[in-house]
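The values are calculated or read from the model by the stated rules, or taken from the named source; none is laboratory data. These numbers were taken from a predicted model, which means no experiment stands behind them. Glycine also receives a Cβ, built like all others from the backbone with ideal geometry; neighbour counts cover every protein chain displayed. Only protein heavy atoms, including side chains, enter the accessible area calculation; ligands, DNA and RNA are left aside. Shrake-Rupley method; radii C 1.70, N 1.55, O 1.52, S 1.80 Å.
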Amino acid sequence: MTLAALVAPDSFKGTFSASDVAGAIASGLREAGREAVELPVADGGEGTMEVLVRALGGEIHLATASDPLGRPVEAAFALLPDGAAVVEAAQASGLGRVDERERDAWAATTRGTGELIAAAAEAGAERVIVTVGGSATTDGGAGAIEALDEAGVRVEIDVLADVRTPFERAASVFGPQKGADPATVERLERRLHSLANRYRRDPRGEPMSGAAGGLSGALWAEHGARLVPGAAYVLDAIGFDDRMRAAAFVVTGEGSLDEQTLQGKIVGEVATRCRQGGVACHAVVGRNALDPFQERILDLASVTEATTLEELAQAGRELV
């Protein structure tokens, strides 16, 4: 019996969901005569809620929450069969919620994420999984903590982070992409240090505490949240390892294969597990920015660039 290929890509940020990418690559593989199993993956960034619900089941709920600039928006959270909820910070506090011209790194607030956590707790969640990638915020989590305090919520929290940046570096590392000029970055850094001094625990120096502009650190400091590498958490939750070992080969992918891939992103984690399991791993990506040495670290069987659904399907056809 011919073994199936396991198609396990992340989303192509701002372009295609992980499900879209998996479907296109798998269709190409099938057209070329190879059976393919679709298993979209994520690392704590945008799309993680969809990946977990697709793999584990659950229900999507809607709630009104504040966007990064305080405007009311309809946002989603999920309740999983095991009683946990998934709150994706990008749903309320995401960079996609504000037009590029209105980005305001100083004013942007995580209040909406706190409101979604409170809504999930009110809906009966015993534990809340907060995925923190893709935020527009660098408020050190102050908005979320304020919303949780107002709602009187004390719930068990796991934070899935896709970066290892500590709290005090959130502004310098992520502020510019959220609209902060150098002067604003300095102001944001001072505010982060001030918050760290006031929180119950000091998040400075704690790996992953700087995700979502310090939201992860605030939840760790004020609510005892566990900070967890998102890629490993998701792969374990959806049973990736068993499926990988049963596959002929694995096809993963993301929008940009770059240095961050080596720092805890999902493609790096998939490639590592495939290497350890003795299964070939191919990558189909929107852009390959790795140098030859970095490619050798990942030990991918092949890397193919594709930017449209047809190119993704063609990449699948050529892998057989």
Quick one: ALA271 ticks every box in (1) under 23 Å from ALA161 (Cα atoms); (2) open to solvent by 40 Å² or more (accessible area, probe 1.4 Å) bar one, so which box is it? (2)
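Anything in the range 46-58 that is open to solvent by 10 Å² or more (accessible area, probe 1.4 Å) and closer than 26 Å to ARG103 by Cβ? List them, or say none. Break it down into steps so the answer makes sense when it comes.
Pass one, the range 46-58, residues open to solvent by 10 Å² or more (accessible area, probe 1.4 Å): 46-47, 49-50, 53-58.
If the condition is that a residue be open to solvent by 10 Å² or more (accessible area, probe 1.4 Å) and closer than 26 Å to ARG103 by Cβ, then GLU46, GLY47, MET49, GLU50 are the ones that fit.
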Check VAL185, VAL163 and return the single one that is crowded, with 17+ Cβ neighbours inside 10 Å, at pLDDT below 95 and aliphatic (A, V, I, L, M). VAL163
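Pick from VAL73, VAL53, VAL86, VAL37: which is touching an Asp or Glu at 6+ places or on another chain (Cβ under 6 Å) and at pLDDT 95 or above? Break it down stepwise before answering.
Numbers: VAL53 fails: touching an Asp or Glu at 6+ places or on another chain (Cβ under 6 Å); VAL86 fails: touching an Asp or Glu at 6+ places or on another chain (Cβ under 6 Å); VAL37 fails: touching an Asp or Glu at 6+ places or on another chain (Cβ under 6 Å).
Residue meeting the stated conditions: VAL73.
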Per the filter on the range 166-177, residues open to solvent by less than 10 Å² (accessible area, probe 1.4 Å) and assigned to a helix (DSSP H, G or I) are PHE167, ALA170, ALA171
Just to be sure, is GLU156 surrounded by fewer than 23 Cβ atoms within 10 Å (Cβ to Cβ), in contact with a strand residue (DSSP E or B) (Cβ under 9 Å, 6 or more places away or on another chain) and at pLDDT 95 or above? yes
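Out of all the residues in the range 1-23, which are among the aliphatic types (A, V, I, L, M) and buried (at least 24 other Cβ atoms within 10 Å of the Cβ)? Give the steps one after another, and end with the answer.
Step one: filter the range 1-23 for residues among the aliphatic types (A, V, I, L, M), giving 1, 3-8, 18, 21-22.
Those that are among the aliphatic types (A, V, I, L, M) and buried (at least 24 other Cβ atoms within 10 Å of the Cβ): ALA5, LEU6, VAL7, ALA8, ALA18, VAL21, ALA22.
Going through the range 110-124 one residue at a time, which ones are outside any helix (DSSP H, G or I) and crowded, with 24+ Cβ neighbours inside 10 Å? Before the answer, list the steps.
Looking only at the range 110-124, we keep the residues that are outside any helix (DSSP H, G or I), and these are 110, 123-124.
The answer is THR110, and nothing else.
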In this structure, does VAL37 turn out to be closer than 16 Å to VAL267 by Cβ, touching a strand residue (DSSP E or B) at 6+ places or on another chain (Cβ under 9 Å) and of a type outside the set (Gly, Ala, Ser)? no
The conditions are (1) in a loop (DSSP other than H, G, I, E, B); (2) on the phi < 0 side of the Ramachandran plot, and GLY44 fails exactly one of them. Which is it? (2)
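When the residues of the range 99-109 are filtered to those that are surrounded by fewer than 20 Cβ atoms within 10 Å (Cβ to Cβ) and of a type outside the set (Phe, Trp, Tyr), which remaining residue is nearest to HIS61 (Cα to Cα)?
Filtering the range 99-109 down to residues surrounded by fewer than 20 Cβ atoms within 10 Å (Cβ to Cβ) leaves 99-104, 106-107.
After this cut, where a residue has to be of a type outside the set (Phe, Trp, Tyr) as well, the list is 99-104, 107.
Details: ASP99: 25, GLU100: 28, ARG101: 30, GLU102: 28, ARG103: 27, ASP104: 29, ALA107: 28 Å.
Among residues in the range 99-109 that are surrounded by fewer than 20 Cβ atoms within 10 Å (Cβ to Cβ) and of a type outside the set (Phe, Trp, Tyr), the one nearest to HIS61 (Cα to Cα) is ASP99.
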Can you confirm whether LEU29 is of a type in the set (A, V, I, L, M, F, W, C), outside any strand (DSSP E or B) and surrounded by fewer than 18 Cβ atoms within 10 Å (Cβ to Cβ)? no
Right, ALA196: open to solvent by less than 10 Å² (accessible area, probe 1.4 Å), under 22 Å from GLU150 (Cα atoms) and not in a loop (DSSP other than H, G, I, E, B) or not? yes
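Okay, residues lined up against (1) assigned to a helix (DSSP H, G or I); (2) open to solvent by 40 Å² or more (accessible area, probe 1.4 Å); (3) in contact (Cβ under 8 Å) with a residue 60 or more places away in the chain:
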{"residue": "ARG34", "(1), (2), (3)": "no, yes, yes"}
{"residue": "ILE60", "(1), (2), (3)": "no, yes, no"}
{"residue": "ALA76", "(1), (2), (3)": "no, no, no"}
{"residue": "ALA90", "(1), (2), (3)": "yes, no, no"}
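Go through the range 1-26 and give me each residue that's out of contact with any Ser or Thr (no Cβ under 6 Å at 6 or more places or on another chain) and either part of a helix (DSSP H, G or I) or small (Gly, Ala, Ser) (or both). If you could, list the steps in order and put the result at the bottom.
Step one: of the range 1-26, the residues out of contact with any Ser or Thr (no Cβ under 6 Å at 6 or more places or on another chain) are 1-7, 10, 12-16, 19-26.
Hits for the range 1-26 are ALA4, ALA5, GLY14, SER19, ASP20, VAL21, ALA22, GLY23, ALA24, ILE25, ALA26.
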For the range 126-149, enumerate the residues that are open to solvent by 10 Å² or more (accessible area, probe 1.4 Å) and farther than 27 Å from GLU189 by Cβ. GLU126, ARG127
Hey, among the residues in the range 1-21 that are within 13 Å of GLY255 (Cα to Cα) and hydrophobic (A, V, I, L, M, F, W, C), which one's modelled with the highest pLDDT? VAL21
